[in-house]
There are 2 protein chains.
Amino acid sequence: MEKERVHVFESAERVLCEPFIAPTDLPPYDSSHMDGFAVRSADLQTASLHSPISLKNIATCTPGQPPYLRLTPGTTARILTGAYLPEGADAVVPQEEVTVEGDQVIFTSPVTPYQYVDLKGFDVKRGQTLFEEGHRLKMADAVLLASMGVGSIEVFVKPRVGVLAVGDELTDDFGETRRGKVLNTHTHLVKKLVQSCGGRFIFLGIIRDDPIALQETVQNHYNQVHMFLSIAGSSISEKDVSSIFTSKQSTGAFVHGLKLQPGRVGGFGFIGEKPLILLPGLIMSTLNVFMFLAYPAIRRLLHQQPLFYHHRLKAELTETVRFRKYHDFVKVVWVSVKERDDKVFCVPNYGESSGMSIPSRSDGFIIGMPGVKEITEGSKVWVHYPPTL
Amino acid sequence: MEKERVHVFESAERVLCEPFIAPTDLPPYDSSHMDGFAVRSADLQTASLHSPISLKNIATCTPGQPPYLRLTPGTTARILTGAYLPEGADAVVPQEEVTVEGDQVIFTSPVTPYQYVDLKGFDVKRGQTLFEEGHRLKMADAVLLASMGVGSIEVFVKPRVGVLAVGDELTDDFGETRRGKVLNTHTHLVKKLVQSCGGRFIFLGIIRDDPIALQETVQNHYNQVHMFLSIAGSSISEKDVSSIFTSKQSTGAFVHGLKLQPGRVGGFGFIGEKPLILLPGLIMSTLNVFMFLAYPAIRRLLHQQPLFYHHRLKAELTETVRFRKYHDFVKVVWVSVKERDDKVFCVPNYGESSGMSIPSRSDGFIIGMPGVKEITEGSKVWVHYPPTL
């Protein structure tokens with residue numbers, strides 16, 4: 001994958017192409033945790049109510065100034081929260097614990113060294129490895145880098161994913177749906193998924209059921225993308241141009257048919273050096289094959305662990321799920337996650353794999369591994385989340 | 001809140017301003033779940049291997065055509081997956097179960113009515129309430145609406161949140177940080193948070209420690225925003241212009257000081273009819289007051305339940321958390337969520353509330369309610385997630 005340098009505040013959701021080593025301590029100097037007075041603790045060792053000690057206030061330290069001042073014995077400086085301590089100072093006394101008379105500040109108790117001081121490097125130590133290669137930056141990470149003076153950072157370019165929507169029946173025109181055409185909906189969900197993985201979605205258009213049209217589109221955009229996804233046309237009839245094209249043209253492995261249900265007519269091949277993943281056209285199969293093939297592939301391009309989920313949590317299954325067929329497959333059941341009685345539950349959303357309402361109702365999916373014939377009510381199962389829905 | 005109409009494919013992450021009632025059945029007609037032949041099941045009641053029944057193939061039904069055809073007794077039609085059944089047909093026989101001879105199709109077994117048929121309305125029934133007011137649409141919801149022919153939808157406008165970064169020490173110039181200035185970092189995290197809640201972030205600039213400057217900025221942008229957030233200057237010193245300004249100008253309730261730790265110098269007032277929320281300047285306090293005041297306020301504007309978290313999950317605490325002070329406060333501890341031995345754990349990230357690395361290392365937060373002095377190792381606690389970090 002190519003690399004590019006981006007402004008640190010544009011780096012959120014981008015992926016690091018090398019480990020990040022802290023270039024500096026954070027904070028870079030000792031700083032005050034309170035509004036009060038910076039002191040040398042040695043000066044106040046004998047201070048008490050009966051024998052107060054008076055120090056001369058020689059300056060005010062505010063945030064936004066580097067330490068420009070040195071406290072000599074017998075002096076103090078007014079200091080605000082977040083300001084750097086003057087050299088020589090090793091503690092801060094809150095303002096409500098002192099009396100100020102002119103330029104004299106009166107202290108009535110000794111002070112522990114480093115009291116109310118945020119020590120240099122307490123947050124991040126110079127040389128510390130903060131992030132590994134393949135780490136996807138959060139905005140909170142970007143803000144941390146910026147705090148260390150990092151203005152820009154090298155990241156992987158976004159993998160460019162060329163998406164083909166295949167089928168004579170498809171249209172982008174709502175008017176045409178009244179004449180029986182099918183709206184090109186799946187592309188929009190795939191777009192959102194690609195973008196949420198950190199990829200760049202490139203729509204290559206609605207392709208008619210014609211292998212030549214498919215071939216021309218793939219050739220014309222070959223240099224522009226890192227990967228192709230076709231939606232629909234992945235089954236085994238004479239109209240399934242995605243699988244026909246890929247089976248004929250693949251220059252590497254060609255896999256057609258997955259032990260994944262729904263999703264068994266998915267597959268992939270290679271056009272030159274670039275993968276083409278066959279997403280089936282029924283929405284639940286589109287989604288499952290995206291999560292089990294396209295999602296880990298995009299992660300892999302970004303040097304991330306090729307997981308089939310974004311994150312996951314444990315939940316209690318509300319009813320027994322039985323798999324009547326495809327026992328040796330990975331079976332995927334989408335679920336809604338609910339809270340009740342201080343617990344997390346998941347409710348299976350059954351339905352045909354053409355059910356457009358299932359992704360809408362679902363939060364994530366549970367899986368039945370090969371050999372599993374049922375998952376019983378009350379089981380604590382992993383609910384796997386896609387990067388978005 | 002004002003409303004606006006947006007294209008259905010631009011509606012993801014927008015919030016419905018009224019319930020959504022399904023305008024049509026989905027699918028709108030019975031459709032085929034297989035590639036095969038549409039039949040009238042009554043025609044095949046007596047079909048068997050020894051006494052096959054032959055029907056005349058009168059057409060091919062492909063997806064993208066409305067039902068334009070009527071099967072009369074003795075006829076069948078080739079049908080592809082997703083195509084609508086012709087009128088009169090009530091079942092589909094897979095292509096691998098028949099023999100085709102010219103225009104005759106030979107069947108050797110009877111067929112159950114509705115076999116391999118996706119019934120009209122199986123997915124969504126016309127008149128069904130799909131979403132309530134205040135529902136935040138996912139792309140999967142938008143795709144479902146589009147499938148029902150919905151081209152645009154009414155949503156609330158995005159709440160416009162005016163953000164003021166307060167402090168003489170702040171700069172947006174990385175060069176100036178080398179001379180001791182403090183980079184305006186928090187604004188970028190707040191921007192991301194506001195946007196993730198469905199708000200529109202409007203930066204009103206870095207404001208010097210001068211109540212007049214603050215007042216002028218607020219006045220100049222009063223009509224442009226629904227809500228103000230100030231970052232920093234919320235404490236009690238003479239330099240804390242956000243709290244000084246708000247205490248003097250608030251036309252409604254003025255709350256300063258929260259039983260929230262970190263975050264106790266947060267607060268809010270009203271400038272005219274618009275809330276101004278005081279986010280403290282130390283990053284963990286900024287975050288906590290955002291989550292406990294600003295986040296529910298933005299949700300409320302969008303007619304959503306005013307929660308202080310986006311979602312939450314249960315995790316086992318890896319070590320006892322003790323609260324030494326502020327026992328009658330809500331105490332917030334940010335945590336990292338980890339998986340081990342097929343379980344979910346959370347690890348507290350201690351540190352000063354100025355620690356810029358804490359949000360970077362954290363996934364969410366746990367809370368100690370008023371009265372709670374410790375949460376013991378091994379407790380199953382809720383980890384609350386912000387909408388982003």
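The values are calculated or read from the model by the stated rules, or taken from the named source; none is laboratory data. A quick note: this is a predicted structure, and the numbers were derived from the prediction, not measured. Methodologically, a virtual Cβ is constructed for each residue, glycine included, from the backbone with ideal geometry; neighbour enumeration extends over all protein chains shown.
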TODO: Could you grab me the full set of residues in segment B:34-65 that are surrounded by fewer than 18 Cβ atoms within 10 Å (Cβ to Cβ) and part of a loop (DSSP other than H, G, I, E, B)?
DONE: B:Q45, B:T46, B:S48, B:L49, B:H50, B:S51, B:P52
Task: Candidates B:A91, B:A77 - the one that is within 30 Å of A:F174 (Cβ to Cβ), more than 14 Å from chain A (Cβ to nearest Cβ) and crowded, with 18+ Cβ neighbours inside 10 Å - done: B:A77
Open item on the list: Looking at B:V124, B:V100 in this structure, which one is among the aliphatic types (A, V, I, L, M) and assigned by TED's automatic domain parsing to the domain that holds B:P86?
Closed with: B:V100
Open item on the list: Is it the case, given these coordinates, that B:Q195 is within 14 Å of chain A (Cβ to nearest Cβ) and surrounded by fewer than 18 Cβ atoms within 10 Å (Cβ to Cβ)?
Closed with: yes
Open item on the list: Going through B:I358, B:I367 one at a time, which residue ends up being in contact (Cβ under 8 Å) with a residue 24 or more places away in the chain, part of a strand (DSSP E or B) and not assigned by TED's automatic domain parsing to the domain that holds B:L293?
Closed with: B:I367
TODO: Considering each residue of segment B:370-389, count those that are in a loop (DSSP other than H, G, I, E, B) and either within 26 Å of B:K191 (Cα to Cα) or within 11 Å of another protein chain (Cβ to nearest Cβ) (or both), and give that number.
DONE: 4
- [ ] Of the numbered conditions (1) part of a helix (DSSP H, G or I); (2) touching a residue at least 24 places away in the same chain (Cβ under 8 Å); (3) within 30 Å of B:R136 (Cβ to Cβ); (4) not aromatic (F, W, Y), B:I202 fails exactly one; give the number of that condition.
- [x] (1)
TODO: Under 6 Å between Cβ atoms, at least 6 apart or on separate chains: pull out the pairs that start in segment B:75-100 with a residue that is at pLDDT 95 or above and end on any residue that is part of a helix (DSSP H, G or I).
DONE: B:D90/B:S41; B:A91/B:S41
Open item on the list: Being in a loop (DSSP other than H, G, I, E, B) and among the hydrophobic types (A, V, I, L, M, F, W, C) is true for just one of A:V194, A:V143, A:V111, A:V155. Which residue is that?
Closed with: A:V111
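Each row is one residue, and each column tells you yes or no for (1) of a type outside the set (D, E, K, R); (2) within 21 Å of B:V289 (Cα to Cα); (3) at the interface with chain A (Cβ under 9 Å from one of its Cβ atoms).
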site: B:L317; (1), (2), (3): yes, no, no
site: B:V337; (1), (2), (3): yes, no, yes
site: B:R340; (1), (2), (3): no, no, no
site: B:C346; (1), (2), (3): yes, no, no
site: B:G368; (1), (2), (3): yes, yes, no
Task: Criterion violated by B:L301 - all others in (1) away from chain A (no Cβ under 14 Å); (2) in contact with a Lys or Arg (Cβ under 9 Å, 6 or more places away or on another chain) satisfied - done: (2)
Task: Pick from segment A:165-180, criterion closer than 22 Å to A:M284 by Cβ and not polar (S, T, N, Q), ranking: nearest to the other protein chains (Cβ to nearest Cβ) - done: A:E169
- [ ] Select from segment B:76-108 the residues that are over 12 Å from B:V39 (Cα atoms), of a type in the set (S, T, Y) and part of a strand (DSSP E or B) and list them in ascending order.
- [x] B:Y84, B:T99
TODO: Consider B:V150 carefully, then state whether it is of a type outside the set (F, W, Y) and in a loop (DSSP other than H, G, I, E, B).
DONE: yes
Task: Subset of segment B:114-140 that is outside any loop (DSSP other than H, G, I, E, B) and more than 30 Å from B:Q305 (Cβ to Cβ) - its residue that is farthest from the other protein chains (Cβ to nearest Cβ) - done: B:V117
- [ ] Name every residue in segment B:1-33 that is modelled with pLDDT under 95, in a strand (DSSP E or B) and in contact with a Leu (Cβ under 7 Å, 6 or more places away or on another chain), in order of residue number.
- [x] B:S31, B:S32
- [ ] Quickly run through segment A:50-65 and pick out the residues that are within 14 Å of chain B (Cβ to nearest Cβ) and in contact (Cβ under 8 Å) with a residue 40 or more places away in the chain.
- [x] none
Open item on the list: Which condition from (1) of a type outside the set (G, A, S); (2) more than 12 Å from B:A38 (Cβ to Cβ); (3) in contact with a strand residue (DSSP E or B) (Cβ under 8 Å, 6 or more places away or on another chain); (4) modelled with pLDDT of 95 or more is the one that B:Q65 breaks?
Closed with: (4)
Task: Failed condition for B:V161, given (1) at pLDDT 95 or above; (2) in contact with a Phe, Trp or Tyr (Cβ under 7 Å, 6 or more places away or on another chain); (3) outside any helix (DSSP H, G or I); (4) within 12 Å of chain A (Cβ to nearest Cβ) - done: (4)
Open item on the list: Would you confirm, using the coordinates I've provided, whether B:Y68 is within 11 Å of another protein chain (Cβ to nearest Cβ) and loosely packed, with under 14 Cβ neighbours inside 10 Å?
Closed with: yes
